[in-house]
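> My structure is below; once you've seen it, I'll send some questions.
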Amino acid sequence: MGVPKVGIFFVVDNQLLMDAVPVENGEPYGDTMGYGSHYEFWETMTPSNVIEKKFKARAYDAYPRGRVVYFTQKKLFVLYADKCLKSGELKWLAEQFCITEPVFARDEHYQCATCNPFFMD
Ligand SMILES: [Zn+2]
């Protein structure tokens, strides 16, 4: 395992798109360290493969997404994710961020096209 990371991710057809940095390079906010913006990641991406092209072809919030945040006081990593990402996927995501003991949480902000009843492409 490498250095634990914080940042954002999307899951597009079982492939991971992530924008992350080692936790010590994260952006402090209150007692948390986080990194990245889903919208900016989508907005600034120049697609270079099929998955990225699929991702870019739809609205930034069309695919399941989430975020890993480190809580500096409690010394724990929380992985927030869309509710349609199942436990196996969550464990796989935690591995990609090099986090051994994550807390998994849902965040209503993270709803993909399938989960969001008000979604518009
Ligand atoms: Zn979803």
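Nothing in this text is a laboratory measurement; each read-out follows from the coordinates by a stated rule. All figures in this text were calculated on a predicted structure; none of them were measured in a lab. As a convention, Cβ positions derive from the backbone with ideal geometry for all residues, glycine included, and neighbour counts pool all protein chains shown.
> Using the count of nearby Cβ atoms within 10 Å as a rough guide to exposure, how do 68, 78, 103 rank from fewest to most?
In increasing order of surrounding Cβ atoms, one gets 103, 78, 68.
> Using only alpha carbon pairs under 8 Å that are at least six residues apart, calculate the relative contact order of the stretch 5-106 and give it in whole percent.
Over the stretch 5-106, the number comes to 27 percent.
> At a Cα cut-off below 19 Å, give the lysines reachable from residue 74, other chains included and same-chain residues fewer than 8 away excluded.
5
> Using a 10 Å cut-off around each Cβ, can you sort 99, 51, 8 from fewest to most neighbouring Cβ atoms? Don't skip to the answer; put the middle values down first.
Working: 99 21, 51 17, 8 24.
Ascending number of Cβ neighbours within 10 Å: 51, 99, 8.
> Ok, one more. Taking neighbour counts of Cβ atoms within 10 Å as a proxy for exposure, in what order, fewest first, do 112, 98, 84 appear?
Fewest to most other Cβ atoms nearby, the residues stand as 84, 98, 112.
> What's the angle, to the nearest 10 degrees (0 to 90), between helix 87-96's Cα axis and the longest principal axis of the chain?
With both axes taken from Cα atoms, the answer is about 70 degrees.
> In the stretch 22-92, what trypsin sites (Lys or Arg not before Pro) fall in a loop by DSSP, with at most 12 other Cβ atoms inside 10 Å?
When the trypsin sites (Lys or Arg not before Pro) of the stretch 22-92 are filtered for loop state and at most 12 Cβ neighbours within 10 Å, 74, 75, 86 remain.
> For the stretch 5-106, with the dipole built from +1 on Lys and Arg beta-carbon atoms and -1 on Asp and Glu ones, taken about the Cα centre, which of 78, 55, 14 lies farthest toward the positive end?
Value: 14.
> Under a point-charge model restricted to the Cβ atoms of Lys and Arg (+1) and Asp and Glu (-1), what is the dipole moment magnitude of the chain relative to its Cα centre, in debye to the nearest 20? If you can, show how the numbers build up before the last one.
Values: 13 positive and 16 negative charges, 55 e Å.
The calculation lands at about 260 debye.
> What aspartates and glutamates sit close enough to residue 54 to cross-link, taking a C-alpha to C-alpha distance under 15 Å and skipping anything fewer than 8 places away on the same chain?
13, 43, 121
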